[in-house]
Amino acid sequence: MRAKLIVGNWKMNGSRAGNARLLADIAAGLDSARAQCAVCVPSPYLQQCEEALSGTPIAWGAQDVSVHGFGAFTGEVCAKMLSEFACRYVIVGHSERRAYHMESSEMVAQKAKAVLAEGMTPIVCVGETLEEREAGQTAQVVGAQLDAVLELLGTADVAKIVVAYEPVWAIGTGKNATPEMAQAVHAHLRAQLKARNAEAAESVPILYGGSMKPENAKALLAQPDIDGGLIGGAALKAQDFLGIIHSA
Ligand code: 13P
């Protein structure tokens, strides 16, 4: 039985004062939660997370990483730097990075590898656009995105990743995939993992992301292959984030 994992992706939101309140409120409301949880924050706030969350059940992480190590790469942040702030997770291949920063699946794979090399867990995001879904290409698109990562990682490393299915048309739109739609894609992703490493496929969490809210979380999380959520907007309000965590 896979434990549920709920991860907040703050995207480019936050302020020192606001973060302090949000993190304190989440920590205070976690008492009876069974799910594991984490927040992935803008890199400048990692130190604040480390200070505020050490000793709590909440893990933290980053939203992106460079494919490079240290060097002349202005504006980039390498995996070793993130590990210095005790990040457990690093999101790689979010659709906003693929779309606005032209990240290819090969680049996403290199990022996942860089994260693993520093002992952290990559949350590998995959997802189709509305056009791709309407053209019946969902399985093919997410399959190719995941395969690029699995090709680069060794068989043993498959067990060390988290996958997140985030249909692009559901992100920030208020339109979530139905539990059945999401389950179908999750099952497909799980089968793909199984083909690489059957044992790992049973333990790798596959999260759903895209307008997950307290109102729809329970039905989504009840699906056999939906192991948690990657939460955008609802992760910025303690009550909503806690509502999702408590539905898990
Ligand atoms: P929303 O929950 O705001 O739709 O965002 C989902 C997402 O992109 C998480 O990474």
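Under the criterion of Cα pairs below 8 Å and six or more residues apart, the relative contact order for segment 110-237 equals 25 percent. Computed over protein heavy atoms with a 1.4 Å probe, the carbon and sulfur contribution to the accessible area of segment 68-171 reaches 53%. Could you check how many percent of all C-alpha pairs in the chain are farther apart than 24 Å? Across the chain, Cα pairs with separations above 24 Å total 42 percent. By the Stokes-Einstein formula, at 1.306 mPa s and 10 °C, segment 1-127 with its Kirkwood radius over alpha-carbon pairs has D equal to 105 µm²/s.
What number comes out for accessible area per residue over segment 1-97 if the probe is 1.4 Å? Units Å², please. Write down the numbers at each step before the final one.
On the way: 4810 Å² over 97 residues.
Per residue, segment 1-97 has 50 Å² of solvent-accessible surface.
Normalising by the residue count of the chain, find the relative contact order in percent from Cα pairs under 8 Å and 6+ residues apart. Numbers along the way, then the final one.
Working: 488 pairs, mean separation 53.7, N = 248.
Contact order relative to length: 22 percent.
Using Cβ point charges alone (K and R +1, D and E -1), the dipole size of segment 104-248 about the Cα centre works out to roughly 280 debye. Computed on the Cα atoms alone, the convex hull of segment 185-226 gives a volume of 63 cubic angstrom per residue.
Given a 1.4 Å probe, how much area per residue of segment 141-225 is accessible, in Å²?
Numbers: 3350 Å² over 85 residues.
Heavy-atom accessible area per residue stands at 39 Å².
Computed about its Cα centre, the charge dipole of segment 27-158 is approximately 260 debye, with only Lys, Arg, Asp and Glu carrying charge at their Cβ.
In units of the compact-protein estimate 2.2 N^0.38 Å, segment 56-176 shows a Cα radius of gyration of 1.08.
With the Cα gyration tensor of segment 2-70 giving a ≥ b ≥ c as the square roots of its eigenvalues, does the rule (a/c under 1.5 for rounded; else a/b larger than b/c for prolate; else oblate) give rounded, prolate or oblate? Oblate, because a/c is 1.5 or more while a/b does not exceed b/c.
Work out, in µm²/s and without decimals, the Stokes-Einstein translational diffusion coefficient of segment 126-225 at 25 °C, 0.890 mPa s, Rh from Kirkwood over C-alpha pairs. Walk me through the intermediate numbers first.
Details: Rh = 13.8 Å.
Rounded to a whole number, D works out at 178 µm²/s.
Per-residue surface analysis assigns R196 an accessible area of about 80 Å², computed on protein heavy atoms at 1.4 Å probe radius. Its DSSP H runs of at least 4 residues, each contributing -39,500 (n - 2.57), put the calculated 222 nm mean residue ellipticity of the chain at -13000 deg cm²/dmol, to the nearest 500. Spin-label pair R16-E202: with each label point 7 Å from Cα along the Cα-Cβ axis, the two points sit 4.9 nm from one another.
The string of couplings for segment 225-242 from the Karplus curve (6.51, -1.76, 1.60, θ = phi - 60°) is 9, 9, 9, x, x, 10, 10, x, x, 6, 7, 8, 10, 4, 4, 5, 5, 5 Hz, one whole number per residue in order, with x for Gly and Pro.
Magnitude of the charge dipole for the chain, about its Cα centre and with charges confined to Cβ atoms of Lys, Arg (+1) and Asp, Glu (-1), is about 400 debye.
The values are calculated or read from the model by the stated rules, or taken from the named source; none is laboratory data. Since we're looking at a predicted model, the values are computed, not measured. Ideal geometry is used to build each Cβ from the backbone, glycine not excepted, and the neighbour counts take in all protein chains shown. Accessible surface areas use protein heavy atoms only, side chains included; no ligands, DNA or RNA. Shrake-Rupley method; radii C 1.70, N 1.55, O 1.52, S 1.80 Å.
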